[in-house]
Amino acid sequence: MKRSWSSVGTLMFGAGLMVGCGAVEEGAGGARTPLAQVEQGLGVESVGWGDTLTLSANGSYELYLDGALLGRDARWQEAETYSAQVNAGDVIAVKVERGAGSTWSGLLADIQVDGCPVLSTERLSWRCTSTYLPGWETVDFKDDTWPAAVERTTNGGSPWGQVAGIGSATKWIGLADSAATTFYCRALVLGCGPDEARGKPASSSGSGGLDTPDKAFDGDVNTRWTSSASTGSWVQVDLGRQTLIGRAAASWGWDTRFATSASSVLEGSTDGVVWKQLADFSQPSSTIGTRLFRPIFPRAAVRYVRLRGTQWNGATGFVNDLQLFYPCSQCGEDQAFKRRVTTSGSSNGTTAELAVDGDPTTSWESDRDNDGWVQVDLGQPLNIERVDVKWGWDISGQVGTTASSVIKYSTDGLTYQTLETLTHDTETSGDPQTLLKPFSARYVLFQGLNWNNRWGYLDDLKVIGACQTCDTNLALGKPVTASSSWSSEYPSLAVDGLFNTYWGTGISTGAWLEVDLGQEYPVAYALAAWNWDPNYGDDAESVLEGRSTNGTWKPLGNFRHTDATNWRKQGLFFLPETVRYVRFRATRWNNGWGNVSELQVCTL
């Protein structure tokens with residue numbers, strides 16, 4: 001069964017991994033094939049194919065995303081699918097109560113973003129406990145002391161049999177204590193796609209006994225690599241080819257008899273010779289000598305990654321597990337959608353959740369005059385490009401002809417800054433307003449200032465994530481040609497650095513725009529603002545291609561729009577490719593025309 005809340009993503013609980021996710025296809029300069037191409041770990045940051053959570057529990061469950069309740073169910077023989085927007089740093093939390101007649105409680109869970117698994121029942125990802133603590137489902141809750149989840153059996157195994165809608169490789173997880181009737185599980189979304197390091201060739205500076213390098217990349221925190229020496233020791237993985245990564249999960253430690261603090265670094269290399277630091281793994285005073293790190297770092301295209309001890313105080317060190325991911329993005333998507341909200345109060349049977357449900361025909365209505373408010377928690381500080389808001393006030397009393405509200409933002413929920421003061425008159429009350437002001441925040445607040453002593457309402461609040469722009473846009477002002485143009489909507493308007501001008505294709509599928517960069521560059525990122533006529537189909541696709549001076553065209557990655565994302569900017573990361581010419585080409589526009597307002601190309 002499916003409760004479709006949006007088309008921005010798919011979350012499925014469990015341990016099964018899709019073949020091809022996160023892996024670069026051979027040939028075509030490392031480019032991907034359609035769908036698997038850029039959606040599965042390395043590519044398009046903003047298309048929103050649908051993040052879904054599909055799960056079942058041996059009993060009943062409650063499902064939370066960043067503290068907001070997504071749903072509950074008690075039919076363990078049927079998997080339920082929920083849609084929501086998922087980003088790196090989000091927390092999935094599930095409460096499970098054992099069913100009558102069962103000998104132990106279990107959770108069967110898969111999570112997917114853009115069609116690829118981002119969480120599995122790996123012990124490094126899922127932690128479970130039978131102890132209830134307030135706030136256990138929220139982002140800021142500290143679960144470091146929770147034990148790792150215990151894997152029971154795969155979907156289809158005894159005694160439950162197959163649960164439809166979840167892959168056969170997905171694992172049932174739970175507690176070591178099978179007598180527990182209720183337990184709580186949490187998992188942090190580390191990134192998009194699978195663990196890039198899992199099972200890849202490993203080496204080290206030296207190993208102690210049977211604790212060999214491969215055990216640092218086997219996905220099991222109960223095995224480990226142990227060094228044969230102290231500071232300077234390292235363990236390394238060969239990813240097989242240049243791979244884009246931007247997030248890691250590492251469980252490592254040292255012999256605490258020698259010191260109560262230690263440090264390591266995560267480093268990356270394209271050739272295994274020249275290394276660049278990606279993240280710092282410093283451990284302050286500790287009594288157990290092991291800790292889980294989950295750093296986010298600037299995207300890097302590397303083939304080799306190593307963890308190296310920089311200060312182990314004469315002691316040996318160890319790595320239980322090291323996982324590498326490409327981070328999920330926020331580019332062009334509504335970050336407020338289905339997020340946790342709070343309010344000053346509601347009336348007329350409405351709730352604050354109706355302001356962030358993506359439906360402008362539903363509303364939150366305040367229970368007070370003038371200063372009612374709704375606040376959305378984005379889960380983590382994000383770079384925001386735009387806020388869309390649709391609000392108004394009760395004009396039936398004919399008290400006053402204008403009203404005002406304010407949008408504020410905060411990184412900590414304590415100190416707020418004003419983004420914009422909004423005004424409406426009786427004729428425009430309820431009309432949508434757009435604020436094109438970039439900012440960084442975790443909390444976004446809508447609050448009434450003067451509603452003429454009447455109640456106010458908020459139909460819709462959208463907080464659109466920012467896309468990375470090029471520090472040096474290689475396409476800016478460069479010679480450009482096109483398959484055709486419509487009227488005065490010339491190709492040069494797509495590379496003029498302005499988002500309010502555009503090239504009009506005049507035709508549909510097959511239309512193209514080609515930019516001559518002037519010389520060959522190693523490009524690795526593109527930003528496109530484009531659209532198509534939504535009267536022709538529910539979505540459309542385009543491809544970005546590149547070629548060297550005398551070479552043939554190679555696909556770099558795909559763009560896709562739906563009705564909801566039409567005209568939004570889209571960022572595309574891909575493995576570095578040396579090109580002189582870059583081409584944006586319509587691959588499926590459903591016989592409708594299209595436009596490109598801006599195409600930027602840059603190095604990583």
Legend entry - Three-way shape label, the stretch 142-195, alpha-carbon gyration tensor, a/c 1.5: oblate
Legend entry - Residues Leu449 and Val274, FRET efficiency given R0 of 45 Å [Cβ-Cβ distance, rounded to 0.05]: 0.20
Legend entry - Cα-based Kirkwood hydrodynamic radius, the stretch 483-550, one decimal, Å: 13.9 Å
Legend entry - Shape call, the stretch 474-522: gyration tensor on alpha carbons, a/c limit 1.5: oblate
Inset, instruction - With a 1.4 Å probe and every protein chain left in place, work out the accessible area per residue of the stretch 496-604 in Å², rounded to a whole number. - result: 36 Å²
Inset, instruction - Any chance you could run the full-extension gain for Asp516 through Arg303? It's 0.36 nm times the residue separation minus the Cα-Cα distance, nm to one decimal. - result: 73.7 nm
Inset, instruction - Quick one: net charge around Thr481, please, counting Lys, Arg +1 and Asp, Glu -1 for every other residue with C-beta under 9 Å from its C-beta. - result: -2
Legend entry - Set of the stretch 512-528 residues, backbone N closer than 14 Å to the point 7 Å along the Cα-Cβ line of Thr469: 527-528
Inset, instruction - Provide the gained length on full extension for the span Gln77 to Leu476, in nm with one decimal, where the gain is 0.36 nm per separating residue minus the Cα-Cα distance. - result: 138.0 nm
Inset, instruction - Would you mind checking which residues have amide H under 5 Å from Asp211's amide H? H placed 1.01 Å from N; only 5 or more apart, or other chain. - result: Thr226
Inset, instruction - Could you give the C-alpha radius of gyration of the stretch 396-460 expressed as a fraction of 2.2 N^0.38 Å, taking N as the number of residues it contains? - result: 1.22
Inset, instruction - Arrange the residues Tyr490, Tyr409, Tyr326 by how much accessible surface each exposes, largest first, with a 1.4 angstrom probe. - result: Tyr490, Tyr409, Tyr326
Legend entry - Fraction of accessible area attributable to carbon and sulfur, the stretch 338-382 (%, probe 1.4 Å): 45 percent
Legend entry - Distance in nm between pseudo-label sites at Thr418 and Leu210 (7 Å out along the Cβ direction from Cα): 6.9 nm
Legend entry - With DNA, RNA and ligands ignored, accessible area of Trp486 (1.4 Å probe; Å², nearest 10): 150 Å²
Inset, instruction - Just reorder Tyr525, Tyr132 by solvent-accessible area, largest first, 1.4 Å probe, all chains present. - result: Tyr132, Tyr525
Inset, instruction - Quickly work out the Ser203-to-Ser178 label distance, labels modelled 7 Å from Cα along the C-beta direction, and quote it in nm with one decimal. - result: 4.5 nm
Inset, instruction - Could you pull out which residues in the stretch 91-112 have an amide N less than 20 Å from a spot 7 Å beyond the Cα of Ser158, following the Cα-Cβ vector? - result: 101-107
Inset, instruction - Starting from the Cα of Tyr536, move 7 Å in the Cα-to-Cβ direction to define the label point; list residues of the stretch 498-527 whose amide nitrogen is under 15 Å from there. - result: 504-512
Inset, instruction - Quick one: order Leu69, Leu575 from most to least accessible surface, probe 1.4 Å. - result: Leu69, Leu575
Inset, instruction - Under a cut-off of 20 Å between alpha-carbon atoms, report the lysines in cross-link reach of Lys462, not counting same-chain residues fewer than 8 places apart. - result: Lys338, Lys390, Lys408, Lys437, Lys569
Legend entry - Förster-model FRET efficiency, 60 Å R0, Ala229 and Thr103, C-beta, rounded to 0.05: 0.80
Inset, instruction - Enter the accessible area of Glu78 (Å², nearest 10), with the probe set to 1.4 Å and all protein chains included. - result: 80 Å²
Inset, instruction - Mind giving me the FRET efficiency for Asp431 and Asp369? R0 is 22 Å, r the Cβ-Cβ distance, nearest 0.05 is fine. - result: 0.55
Inset, instruction - With all protein chains present, calculate the accessible area of Thr145 using a 1.4 Å probe and round the result to the nearest 10 Å². - result: 130 Å²
Legend entry - Rounded if a/c under 1.5, otherwise prolate or oblate - the stretch 420-527, Cα gyration tensor axes: prolate
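The values are calculated or read from the model by the stated rules, or taken from the named source; none is laboratory data. Predicted model, so just to flag it, every value in this text is computed and none were measured. With ideal geometry, Cβ positions are generated from the backbone for all residues, glycine too; neighbour counts draw on all protein chains shown. SASA here: full protein model, heavy atoms, side chains in, ligands and nucleic acids out. Shrake-Rupley method; radii C 1.70, N 1.55, O 1.52, S 1.80 Å.
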